[in-house]
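Heads up: the structure comes next, in structure tokens.
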Amino acid sequence: VADGRLDNGFAVVRPPGHHAEPGLAGGYCVINNVAVAAAYARAKLGVERVLIVDWDVHHGNGTQSIFINDPNVLYFSVHRHDSGNFFPFLGDLSGPAAVGSGPDGAGHNINVA
């Protein structure tokens, strides 16, 4: 896709590392592999926009935290929430009301719980 031979692509990545934040391991995640891949694609391969679909029983708090203000990365998470009383226990920060932040990031974070 990045070199123009394909129009689009899809990658299934395990483990996503979605609990790891910059400088902070969490939930058995040390490196946020999906965030590294998205940042690399944008910085080195000229990719303008990235969609990250996180389908896991747990919310990917690290991935959300990394891209919460970034209008070029749409983070879409489907997870169990239980009013924030399920790991990673973030309350409203991992619920449907968390839609991104700042003038550029708002609307680029979707939580389906």
remark   = In the range 30-76, anything assigned to a strand (DSSP E or B) and in contact with a Pro (Cβ under 7 Å, 6 or more places away or on another chain) is listed as 54
request  = Could you tell me which residue of the range 69-78 is farthest from the chain's Cα centre (by Cα), considering only residues that are open to solvent by less than 60 Å² (accessible area, probe 1.4 Å) and over 19 Å from residue 11 (Cα atoms)?
outcome  = 71
remark   = Per the filter on the range 17-61, residues of a type in the set (Phe, Trp, Tyr) and closer than 23 Å to residue 86 by Cα are 28, 55
ask   = From 107, 46, 95, which residue is in contact (Cβ under 8 Å) with a residue 40 or more places away in the chain and farther than 19 Å from residue 12 by Cα?
value = 46
request  = Answer yes or no: is there a residue in the range 81-104 that is surrounded by fewer than 20 Cβ atoms within 10 Å (Cβ to Cβ) and under 11 Å from the mean Cα position of the chain (by Cα).
outcome  = no
key: Hits in the range 21-59 - residues which are modelled with pLDDT under 95, among the small types (Gly, Ala, Ser) and within 21 Å of residue 113 (Cβ to Cβ)   = 26, 27
query = If we scan the range 59-68, do we find a residue that is in contact (Cβ under 8 Å) with a residue 60 or more places away in the chain and either of a type in the set (S, T, N, Q) or open to solvent by less than 30 Å² (accessible area, probe 1.4 Å) (or both)?
reply = no
remark   = The lone condition residue 54 fails out of (1) without any contact (Cβ under 8 Å) to a residue 40 or more places away in the chain; (2) open to solvent by 20 Å² or more (accessible area, probe 1.4 Å); (3) touching a Gly at 6+ places or on another chain (Cβ under 9 Å) is (2)
request  = Being under 16 Å from residue 18 (Cβ atoms) and assigned to a loop (DSSP other than H, G, I, E, B) is the filter; apply it to the range 96-113 and report the residue that is modelled with the lowest pLDDT.
outcome  = 113
query = If you take the residues of the range 1-50 that are touching a Leu at 6+ places or on another chain (Cβ under 9 Å) and over 18 Å from residue 108 (Cβ atoms), which of them is least open to solvent (accessible area, probe 1.4 Å)?
reply = 2
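The values are calculated or read from the model by the stated rules, or taken from the named source; none is laboratory data. Just so it is clear, the model here is predicted, and its values are computed rather than measured. Backbone-built Cβ (ideal geometry, glycine too); neighbour counts: all protein chains shown. Calculation scope for accessible area: heavy atoms of the full protein, side chains included, ligands and nucleic acids excluded. Shrake-Rupley method; radii C 1.70, N 1.55, O 1.52, S 1.80 Å.
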